1. I'd like to check one number: the per residue accessible area of the chain, probe 1.4 Å, reported in Å² as a whole number.
2. Could you pull out the GluC sites (Glu not before Pro) across the range 143-233 that fall in loop regions by DSSP (anything but H, G, I, E, B) with no more than 14 other Cβ atoms inside 10 Å?
3. Just from its helices, what would the mean residue ellipticity at 222 nm be for the chain, if runs of 4 or more DSSP H residues each count -39500 (n - 2.57) and the sum is divided by every residue, rounded to the nearest 500 deg cm²/dmol?
4. Which order do PHE225, PHE43, PHE170, PHE133 take when ranked by solvent-accessible area (1.4 Å probe, heavy atoms of all protein chains), largest first?
5. Step through the residues of the range 98-110 one at a time and calculate ³J(HN,Hα) from phi using the Karplus curve (6.51 cos²θ - 1.76 cosθ + 1.60, θ = phi - 60°), rounding each to whole Hz and writing x for Gly and Pro.
6. Between TYR157 and residues 5 or more places away or on another chain, which pairs have amide H atoms under 5 Å apart, with H built 1.01 Å from N, and which residues are they?
7. Between ILE109 and residues 5 or more places away or on another chain, which pairs have amide H atoms under 5 Å apart, with H built 1.01 Å from N, and which residues are they?
8. Please check: in the Gaussian network model of the chain (C-alpha springs, under 10 Å), which one of ASP233, ASP122, ASP21 has the largest mean-square fluctuation.
Amino acid sequence: MKSDSTKVGIIGGSGLTSIEDLQVQQQRIVRTPFGETSAPVVFGRLRDQTVAFLARHGQGHTIAPHRVNYRANVYALAEIGVQSIVAVAAVGGIGADFTAGRIVIPEQIIDYTHSRESTYVDGTTDAVTHVDFSYPYTESMREILLESAHRLELNPYAGGCYAATQGPRFETAAEIDRIERDGGNIVGMTGMPEAVLARELGLRYATVALVVNPAAGRSSEVISFEEIFEQLDAGMKKVKRILAECVPAIQKL
Ligand code: HPA
């Protein structure tokens, strides 16, 4: 069933399996030709707008990054009428501008993932087409996210390149050095193929990234889940404020 008023979808990552401010109206299991979504789609009111929320790793955070059914997730949101997806990502930071706690609205992607179902146009059903992906994030959405974060005085970093790695392990120090040489600034495991799938379906898509740890080899500490969870706790509060702030403007796009 399409819902005309639900134009904004939010895909939550680690640390954002639910949104407390969301007044939940209903949950719906959406069937797709690509299988099951990570979780039921939750419909709720956020700042007087109806939004659709999907927990990327499942409601109990049980689905590893390489096992997420990205095709089903993005297809399901499109199917219910979503036109713009705000993706939330917890990431490692590379370089002095990307320390823990920083909010980043990236503008580029380098994809290091492999062996994931990463397209709807694989030639099995329709003729193969090639989608333009020069600028992977939707600029109008990036601007709204940045304005929202600025209004809340959260000092967002405008730009930067998201390096999508395969996981579920963290990277080696040498891999992070290579990613930095390539031009990557933040590193996460779920940004692809989600972004390109949204593009293939003609959806707007942008990411709010929260740096939760220095990337591998960039601090003397071992990357620990405890450290990440501490950062997630504090940082996702900021992300939720940005989400509430940005939804009315994104709804109008
Ligand atoms: N690397 C990859 N993914 C991540 C990291 C990281 O350091 N931190 C959070 N997600």
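1. On the way: 11470 Å² over 253 residues.
Result: 45 Å² of accessible area for each residue.
2. Details: sites: GLU143, GLU147, GLU153, GLU171, GLU175, GLU180, GLU194, GLU200, GLU221, GLU226, GLU227, GLU230; in loops: GLU153, GLU171, GLU221.
Qualifying residues, ordered by number: GLU153, GLU221.
3. Details: 5 runs with 67 residues, N = 253.
It comes out at -8500 deg cm²/dmol, rounded to the nearest 500.
4. Details: PHE225 120, PHE43 10, PHE170 75, PHE133 55 Å².
If we order PHE225, PHE43, PHE170, PHE133 from most to least accessible, we get PHE225, PHE170, PHE133, PHE43.
5. Per-residue couplings from phi come out as 10, 8, 4, x, 6, 8, 10, 10, x, 10, 9, 9, 10 Hz.
6. So TYR157 has HN proximity to ILE103, VAL104, ILE105.
7. Excluding prolines and chain starts, which carry no amide H, the hits are TYR162.
8. ASP122
The values are calculated or read from the model by the stated rules, or taken from the named source; none is laboratory data. In this text the structure is predicted, and so the values were computed from the model without any measurement. Every residue, glycine as well, gets a Cβ built from its backbone with ideal geometry; the counts of neighbours run over all protein chains shown. The area values use the complete protein model at the heavy-atom level, side chains included, leaving out ligands, DNA and RNA. Shrake-Rupley method; radii C 1.70, N 1.55, O 1.52, S 1.80 Å.
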